[in-house]
Amino acid sequence: MYNQKILLADDDYGNLQSLLEHFGETECEVLYAPNGKVACEIAREVFPDIIIMDWAMPLMNGIEATLKLKAGSDTKDIPIIIATGMMTRPEDLHQALEAGAFDYILKPFEPMELIARVNSALRTSESFSTIKQRHHEVSTLLEDERGSHERELCTYAVYEHKKNEMLLQVRDELLKLEEEAQGKVLKGLRQLRRNLSNTIAQEKSWDNFVFHFENVHPHFHKKLKKLHPEITPNDLRIASYIKIGMDNKEIARITSLRVGSVRSNINRLKKRMSMGPDDSIRDFLMEI
């Protein structure tokens with residue numbers, strides 16, 4: 001046990017001397033607090049690797065201090081060993097563990113037991129920290145991957161829209177050419193326009209988008225319709241574009257709507273979802 005910070009919270013200064021004797025041969029740093037209130041202040045400032053907390057102390061006892069530290073987002077993971085010479089009943093042990101203590105030890109300290117329990121707490125805390133770090137790394141990786149997929153979805157949606165616009169434009173141009181054509185040329189142009197119209201009719205751009213969208217956000221549409229059965233297919237389309245991070249201008253571009261119309265669509269969707277004007281639909285949809 002090297003370079004570790006051990007905080008002892010105890011109103012009996014003699015116990016500090018005892019602790020220093022037990023850990024005197026290690027390179028750990030021993031800090032001292034005369035009560036639970038000071039222990040909490042020190043813990044928030046230096047973040048010790050472990051706290052040995054006396055139960056009975058003035059101002060704030062060990063159980064109260066443990067509850068306070070476990071409620072803090074920055075101190076909740078510090079392992080705490082409750083130490084006492086009086087509260088020795090099984091129900092006392094239960095109370096200490098329920099408060100969030102890692103372990104429970106009786107005073108006066110037996111040197112080998114104290115060192116073993118402290119080392120056990122430190123090893124467990126280190127393992128937990130490693131797991132948390134790996135979980136964070138995996139979560140970050142998955143979030144980056146999802147962000148990449150969402151950018152791909154945006155690109156795909158814009159591509160599909162532009163492709164359909166081009167097909168419609170070509171169809172309209174063919175219709176104009178038919179007005180000036182005759183004979184076999186006219187017949188050929190008409191057949192070409194019909195084929196193109198059939199292609200446009202069969203084009204399932206939205207279905208294709210949904211297929212790719214559901215790979216990134218499984219069951220999003222199903223969950224949203226279950227929460228709000230009254231929403232329309234158009235609402236689902238708008239909600240999907242919001243879900244992948246598109247702003248109102250981008251939604252307007254791929255739906256051929258004005259930005260004001262997109263805002264109106266979003267407001268109607270919010271009403272159907274019983275959301276107030278100040279509620280963020282983007283935040284809500286991101287949670288689904």
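The values are calculated or read from the model by the stated rules, or taken from the named source; none is laboratory data. For clarity, every value in this text was computed on a predicted model and none was experimentally measured. Neighbour counts are summed over all protein chains in view; Cβ atoms, including those assigned to glycine, are modelled from backbone coordinates with ideal geometry. Side chains are part of the model used for accessible areas, which takes the heavy atoms of the whole protein and leaves out ligands, DNA and RNA. Shrake-Rupley method; radii C 1.70, N 1.55, O 1.52, S 1.80 Å.
What the table shows:
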{"item": "Positive dipole terminus of the chain, leading residue within Leu122, Gly183, Met275 (C-beta point charges)", "result": "Gly183"}
{"item": "Listed pairs Lys163/Lys226; Lys68/Lys132; Lys176/Lys249; Lys5/Lys68; Lys226/Lys271 exceeding 27 Å between Cα atoms", "result": "Lys163/Lys226; Lys176/Lys249"}
{"item": "Residue-averaged [θ]222 nm for the chain, counting only DSSP H segments that reach four residues, each worth -39500 (n - 2.57)", "result": "-21500 deg cm²/dmol"}
{"item": "Amide H within-cut-off set for Ile105, under 5 Å, with H built and near neighbours excluded", "result": "Ile82, Ala83, Thr84"}
{"item": "Label-to-label distance, nm, for residues given as Ser274 and Glu91 (7 Å Cα→Cβ offset)", "result": "4.4 nm"}
{"item": "Relative contact order for the stretch 184-288, counting Cα pairs under 8 Å that sit 6 or more residues apart, in percent", "result": "24 percent"}
{"item": "Apportionment of accessible area to carbon and sulfur, the chain, percent (1.4 Å)", "result": "53 percent"}
{"item": "Among Pro229, Pro58, Ile82 the positive-end extreme of the charge dipole of the chain (Cβ point charges)", "result": "Pro229"}
{"item": "Whole-number accessible area per residue in Å² for the chain, which is evaluated in the context of all protein chains at 1.4 Å", "result": "61 Å²"}
{"item": "Charge dipole (debye, nearest 20) of the chain; +1 at Cβ of Lys and Arg, -1 at Cβ of Asp and Glu", "result": "2900 debye"}
{"item": "Among (1) 14.6; (2) 17.3; (3) 23.3, the entry derived from the coordinates for mean projected area of the Cα convex hull in nm²", "result": "(3)"}
{"item": "Cβ-derived FRET efficiency at R0 45 Å, Ile115 paired with Asn208, nearest 0.05", "result": "0.10"}
{"item": "Computed over the chain: relative contact order in percent, which uses C-alpha pairs under 8 Å that are six or more apart", "result": "11 percent"}
